[in-house]
Amino acid sequence: MDRAAGTVSVIVPSYHHADYVAETIDSTLGQDLPKDCLELIIIDDGSTDDSPAVIEAALARYPEHRTTFLKQENQGVSRTLNRALGMASGKYVLLLASDDRLLPGALRTLSERFESLPDSRRYCAVYGDGLMINSSGKQLGRFS
């Protein structure tokens, strides 16, 4: 992605996903974007499992990336997303569940496709296809 195209902000609301959130973080911060073109905002919404500790450990593996991690009492997904959206500085914003992961190159592909649309300022969203996987990572199907 050309730096002139802008930053991608990935927002992850997390709640009781200790078993999955590290993969979410790895798949996001492992994208092939320049580090200054990607920011990750994670808000833990009052998890009582090990999610906060898992998130902190995963983020510690990426000290050179722009990341924000907040813990809050449970506010619900709408308030959590609104809070994170208010913090995002990117030209593009991706909402990503804490039990989802991005395929390699996903952010580059989405941002480049958006930039290539004629008069892209007329559009407010783009999305890609998805793969359904089980807790072992086995692909169960595809959706678009």
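Just a few scattered comments:
- For segment 104-143, a tally of residues being surrounded by 11 or more Cβ atoms within 10 Å (Cβ to Cβ), at pLDDT below 85 and assigned to a loop (DSSP other than H, G, I, E, B) returns 3.
- Condition check for Arg101: open to solvent by 60 Å² or more (accessible area, probe 1.4 Å), basic (Lys, Arg) and closer than 13 Å to Val10 by Cβ: yes
- Within segment 34-56, residues that are under 22 Å from Glu73 (Cβ atoms) and of a type in the set (A, V, I, L, M) reach partners that are in a loop (DSSP other than H, G, I, E, B) and open to solvent by 10 Å² or more (accessible area, probe 1.4 Å) with beta carbons closer than 6 Å, at six or more positions or on different chains, in the pairs Val54/Ala18.
- Search result, residues across segment 16-56 that are among the polar types (S, T, N, Q) and assigned to a helix (DSSP H, G or I): Thr24, Ser27, Thr28, Ser51
- All positions within segment 47-80 that are buried (at least 17 other Cβ atoms within 10 Å of the Cβ) and within 18 Å of Asp99 (Cβ to Cβ): Ser47, Ser51, Pro52, Val54, Ile55, Ala58, Leu59, Phe69, Thr80
- Positions within segment 28-45 being touching a strand residue (DSSP E or B) at 6+ places or on another chain (Cβ under 8 Å) and modelled with pLDDT under 95, in sequence order: Leu33, Lys35, Asp36, Cys37
The values are calculated or read from the model by the stated rules, or taken from the named source; none is laboratory data. Keep in mind it's a predicted model, so treat the numbers as computed, not measured. Because the Cβ atoms are built from the backbone with ideal geometry, glycine has one as well, and the counts that use them run over all protein chains shown. Note: areas computed on protein heavy atoms with side chains; ligands, DNA, RNA excluded. Shrake-Rupley method; radii C 1.70, N 1.55, O 1.52, S 1.80 Å.
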